[in-house]
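One structure below.
The values are calculated or read from the model by the stated rules, or taken from the named source; none is laboratory data. Just so it is clear, the model here is predicted, and its values are computed rather than measured. Cβ placement follows ideal geometry from the backbone for every residue including glycine, while neighbour counts extend to all protein chains displayed.
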Amino acid sequence: MLALALSCVTVFLGACAASAADWPAWRGPLATGEAPGADPPVHWSEGQNVRWKLELPGRGHSSPVVWGDHVFLTTAIPVGEPVDPRRDSAEGSHHNIAVRQRHEFAMLAVDRGRGRVLWKRTLAAALPREGGHYTGSLASHSPVTDGEHVFAFFGSRGLYALGHDGAPVWEVQLGEMQTKHGHGEGSSPVLYGDTLIVNWDHAGQSFLAAFEKSTGRRRWKVPRDEVTSWASPIVVEHAGQKQVVVSGTGRLRGYDLASGEVVWECGGLSANVVASPVAGGGMVFAASSYDKQALLAIRLEGAQGDLTGTDHVAWTRSRDTPYVPSPLLYEGSLYVLKHYQGVLTRLVAETGEERSRPFRLTSIGNVYASPVAASGRIYITDRDGATIVLSHAATPEVLALNHLDDSFSASAALVDRELFLRGQRFLYSVSEE
C-alpha cells in the first residue's frame, strides 16, 4: 500500500511542481482524489466551521483549484435580455435544455483568506451553440494551474492561459463541439511539466491535442475513433515513459506524451464514458457504467499494442461501477461509487478484491462530485447539499453527515485544514480555524 501511494507522489508532484499543500487540478496534486498532508474538518454546517461563503456570479460545475493564497474557478454568466431556457426536443431527449441567452465565459480568482473576488476575467461571450443536460452547466471543465499560470478550458469557447494576476497570456480556438444527445461538454485539461493536454471526444471527428503551456503552440494532434465522452485525461510515468491515458467508449488508450502515438489500448468500457481514470503502483484503473458496468485494471509493465483479453488486464469488474463520479485511489484502496443508488465499494487496487461488503450511503442522495480523501477520511458530497464523512477503515464507518444550503455537483478541493466546496450559488471555505 505504501509503495502504491509513493508511486503516485513521484509521478504527479514531480510533473506539475505542486506541493502537497496545493490542489492544482480537479482531482488534486496526485490526480487520484487524495490530498496528502491535508486535515480538513469532519463536522460543519451553515453555522459551524464555515470560514467564509462567497456568492458566485453565473453557474458552473467546474471544481475550484487552489494554489497558495488563490482559489480559481470558472463560470458561465447569462447576460443581456433574460430568456427562460426551454426543453429542447431536437435530440428527442427530455433531459436536454436549449440555452436561449448569451453568456459570458469567465475565470474568477478568489482570495483564499478573505473569500473575496480578486479579479474576474471574461474570456469569451457568445450564445451557446448547444445547451446541455438539464442538471449540467456551461462551465463544467475545471481549470488547472502550475503556480505561475492558470489554464481555463471552455470547449467550444476556447482554451486560455492567464497569469495569476488575471493578465491574458494566450488563447487557442479548437472549433465547435457536437455532443452526443446534446448533453453538453465537460472534459478538463491536464497539465504535465510544460505540456497541456485536451481531450475532444464528440459526435464529429474526435481528437487528443497537446500544447506548449507557455505559448499555446500545438505540439501534436491525433485523431480518436471515439464518440462523445466526458472523461478527463491523466498523465502517468512508468519505466521512464510518460503516457497520456484517456478513457473512451471504444478503447481505453495510453498515448506517448512526447509524440501522441498510441502505446497501448484496451476495449471493455461502456458507452457514455464520464468517469476519469486514476493510476498508481504501475497500474491504471478506468470505469464506466451506462449500457453496461465495467471496471478495468491495467498493468503498465510491458504494455504495448492491444491489451484486450491479455494478462496485462490484471482484473475486471462488472458490478457496482461508477457512472459520473470518478474513482478514488487512496492508500492502496480503490473506491468506486454507484452514484444513483448510493453504493460505495472499496477494493484492493492491486487485486480487485473487495475489502468489505459494498457500503450503502442511505443518508445522501444523487452524487455527481467525485469522492476525495485526506487524514484517513473519505468525503462524498451530493447534489442536495449533504456531505458524508467516512472512515478509511476495513469497513467504513460514518463519522459525520454535514449539510449546507446549496446544491453541489463540483468535486471538493482539500488544502491544509480547509475544504472548498463549490455549489450552484456559493463557494464555501470550510475550516475549524
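Would a scan of region 190-197 turn up a residue that is over 26 Å from residue 134 (Cα atoms), polar (S, T, N, Q) and either free of Cβ contacts under 8 Å to residues at least 12 places away in the same chain or crowded, with 19+ Cβ neighbours inside 10 Å (or both)?
Let us first name the residues in region 190-197 that are over 26 Å from residue 134 (Cα atoms), namely 190-197.
With polar (S, T, N, Q) added as a condition, the list becomes 195.
Still in the running and either free of Cβ contacts under 8 Å to residues at least 12 places away in the same chain or crowded, with 19+ Cβ neighbours inside 10 Å (or both): 195.
Yes - at least one qualifying residue is present in region 190-197.
Within region 198-211, the set of residues being in a loop (DSSP other than H, G, I, E, B) and among the aliphatic types (A, V, I, L, M) comprises 203 only. From the list 307, 269, the one residue that fits, being outside the structural domain of residue 143 (by TED's automatic domain parsing), touching a Phe, Trp or Tyr at 6+ places or on another chain (Cβ under 6 Å) and modelled with pLDDT of 95 or more, is 307. For region 102-141, taking the residues that are surrounded by fewer than 18 Cβ atoms within 10 Å (Cβ to Cβ) and over 24 Å from residue 427 (Cα atoms), the one that is modelled with the lowest pLDDT is identified as 129.
Out of curiosity, is residue 267 over 20 Å from the mean Cα position of the chain (by Cα), surrounded by fewer than 23 Cβ atoms within 10 Å (Cβ to Cβ), in contact (Cβ under 8 Å) with a residue 12 or more places away in the chain and under 26 Å from residue 373 (Cβ atoms)?
On the way: over 20 Å from the mean Cα position of the chain (by Cα): yes; surrounded by fewer than 23 Cβ atoms within 10 Å (Cβ to Cβ): yes; in contact (Cβ under 8 Å) with a residue 12 or more places away in the chain: yes; under 26 Å from residue 373 (Cβ atoms): no.
No, not satisfied.
Taken together, the residues in region 20-43 that are small (Gly, Ala, Ser) and under 10 Å from residue 415 (Cβ atoms) amount to 6. Filtered by the rule that a residue be aliphatic (A, V, I, L, M) and in a strand (DSSP E or B), region 408-428 gives 413, 414, 415, 419, 421, 427. A single entry from 145, 179, 135 fulfils the requirement of being of a type in the set (Val, Ile, Thr), in contact with a strand residue (DSSP E or B) (Cβ under 9 Å, 6 or more places away or on another chain) and under 24 Å from residue 102 (Cβ atoms): 179. Per this entry, residue 174 is counted among residues that are without any contact (Cβ under 8 Å) to a residue 40 or more places away in the chain and either assigned by TED's automatic domain parsing to the domain that holds residue 105 or among the hydroxyl-bearing types (Ser, Thr, Tyr) (or both).
For region 364-381, state whether one or more residues are outside any loop (DSSP other than H, G, I, E, B), at pLDDT below 95 and under 20 Å from residue 331 (Cα atoms).
no
Kindly establish whether residue 244 is of a type in the set (Val, Ile, Thr) and not in a loop (DSSP other than H, G, I, E, B). Answer is yes for this residue.
Annotation: of all residues in region 142-171 being over 19 Å from residue 411 (Cα atoms), among the hydrophobic types (A, V, I, L, M, F, W, C) and crowded, with 17+ Cβ neighbours inside 10 Å, the one that is farthest from the chain's Cα centre (by Cα) is 170.
Comparison of 232, 214 shows that the only residue that is part of a loop (DSSP other than H, G, I, E, B), hydroxyl-bearing (Ser, Thr, Tyr) and either crowded, with 22+ Cβ neighbours inside 10 Å or at pLDDT below 95 (or both) is 232.
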